[in-house]
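Input: a single structure, listed below in structure tokens.
The values are calculated or read from the model by the stated rules, or taken from the named source; none is laboratory data. A quick note: this is a predicted structure, and the numbers were derived from the prediction, not measured. Every residue, glycine as well, gets a Cβ built from its backbone with ideal geometry; the counts of neighbours run over all protein chains shown. The protein model used for the area step is the full one, side chains on, heavy atoms only, and it has no ligands, DNA or RNA in it. Shrake-Rupley method; radii C 1.70, N 1.55, O 1.52, S 1.80 Å.
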Amino acid sequence: LSSGVREPTALRVFAFRPGLAQFLEAAEDSALMLPVAQRAQRAVRARGCADVPNCGAQALAHVSVACAAAAAERGCEVLDPPAEAASMAGAESEEGPIMDAAPLAAGAARLPKLNMLQLSSEEMRTWIAEELGEAPYRAEQILESMYEQGVEDFRDMKSLPSALRRKLRRRATVGAEEWQVLARRESTDGTVKVAYGVPGGHAIESVLMPYADGRQTACISSQVGCAMNCAFCATGQMGFKRHLAASEIFEQAARWALPLRRKGSRLSSVVLLGMGEPLANYGNVLSAVRRIHAVLGIGFRHITISTVGLVPKIYQLAEEKLPITLAISLHAATDEERSALLPVNKRYPIAQVMKAAKHYRKVTGRRVSFEWTLIDGRNDDPETARRLGQLIARGAPGAHVNLIPLNPTGGYGGQPPS
């Protein structure tokens, strides 16, 4: 149904697929069946009957009940409604009942809701028209409610008729349902840090930093974990798990922006300085950055991408010719010292990083920022400061240095300066 298939016979396509493998193969041909297929797969594996022909009947029962429920909500004509699934669910095999009908019907009828934060304006217009049967202009009203007014509850979108608000509550959400807030901490200066549980059993962190002049900066993640293995970084110590999708990167910023809008404030800037190496997830990061600019209204000059110094990607980013601020993690003024802190320096030594930084400024006109984590007794003395000044004067004149006291972690013995 969600893929636009209206023929009632579509509900029968899995009737002659006896095994789990064949069922999943068929399900992959239709986005309609995928969430149901995944649910069926989990149920089948729990029973330990993946090679038993009746597993196909179990999966069909999941599909039939879920499709029937969706069709009933939509008012579509359905051939062989849930009775077919119920008869299958209650059927007997040599091993015993195929599955219990009641729990199946209750669980399978619960289809995943659409996350509105993932949709572009055009995608939302199409979904509103084709899936909900509403006028396409309603999409603009929804987008205005979300991004201009910060509304996250469909009941509060007063510009929409009540019937449409009810439809939206049944079919959609503002924000990913599967994200869980694992922890939320607010410091005395107003900084708020949130840990989200995301699909795959992983967690990411997102931070909102308020300033005395009213600015609000979001620090967001680009990966789950990180492969760069920087010595003092807690994320690097956990290793790389997976890239975040562009929608997941954008959603972190949107989850800060919308509540601020409701309060009459706005998100001022976004820094990709959370978990992960942004330039290692280049395509998804650039896609998210463009959406943050276009949808949340944050200028490119107020978006910062941080990197450990992936030199080829710095050149690639320069060719985008976007006035994004580039921040490079430096932390040491000699290759020997930097390689001990950042293993990537062995591949892209300081001279190459400085050359890329100089090129970035020449192409974009944007001043490059160098991040320097202050570690007591290691890189916080006057002599090191002089070496750093000379390095920047020669290699990237006009650059900015951002001094950051070390945040101690269990995997690194260093301490911040006194």
Check: Pick from Gly389, Gly413, Gly309: which is in a loop (DSSP other than H, G, I, E, B), small (Gly, Ala, Ser), without any contact (Cβ under 8 Å) to a residue 40 or more places away in the chain and out of contact with any Asp or Glu (no Cβ under 6 Å at 6 or more places or on another chain)?
Finding: Gly413
Next item on the list: Within the stretch 345-364, identify whether any single residue is of a type in the set (Phe, Trp, Tyr), open to solvent by 20 Å² or more (accessible area, probe 1.4 Å), at pLDDT 95 or above and in a helix (DSSP H, G or I), and answer yes or no.
Entry: no
Checklist line | Looking only at the stretch 124-135, and only at residues there that are over 13 Å from Leu160 (Cβ atoms) and surrounded by fewer than 15 Cβ atoms within 10 Å (Cβ to Cβ), the one that is nearest to the chain's Cα centre (by Cα) | finding: Thr126
Note to self: Condition first: buried (at least 16 other Cβ atoms within 10 Å of the Cβ), within 15 Å of Asn402 (Cα to Cα), without any contact (Cβ under 8 Å) to a residue 60 or more places away in the chain and hydroxyl-bearing (Ser, Thr, Tyr). Can you find one or more residues in the stretch 321-340 that meet it?
What the structure shows: yes
Checklist line | The one condition in (1) of a type outside the set (Val, Ile, Thr); (2) at pLDDT 95 or above; (3) surrounded by fewer than 22 Cβ atoms within 10 Å (Cβ to Cβ) that Cys233 fails to fulfil | finding: (2)
Notebook entry, point to check: Can you name the number of the only condition in (1) farther than 25 Å from His243 by Cα; (2) modelled with pLDDT under 95 that Leu164 fails?
Noted result: (2)
Note to self: Within the stretch 256-281, take every residue that is part of a helix (DSSP H, G or I), of a type outside the set (A, V, I, L, M) and touching an Asp or Glu at 6+ places or on another chain (Cβ under 9 Å) and give me the one that is least open to solvent (accessible area, probe 1.4 Å).
What the structure shows: Pro259
Next item on the list: Would you check which residues across the stretch 176-220 are loosely packed, with under 11 Cβ neighbours inside 10 Å, charged (D, E, K, R) and in a strand (DSSP E or B) and list them?
Entry: Arg184, Arg185
Check: Inside the stretch 282-311, can you point out the residues that are open to solvent by 50 Å² or more (accessible area, probe 1.4 Å) and either of a type in the set (Asp, Glu) or within 21 Å of Ala332 (Cα to Cα) (or both)?
Finding: none
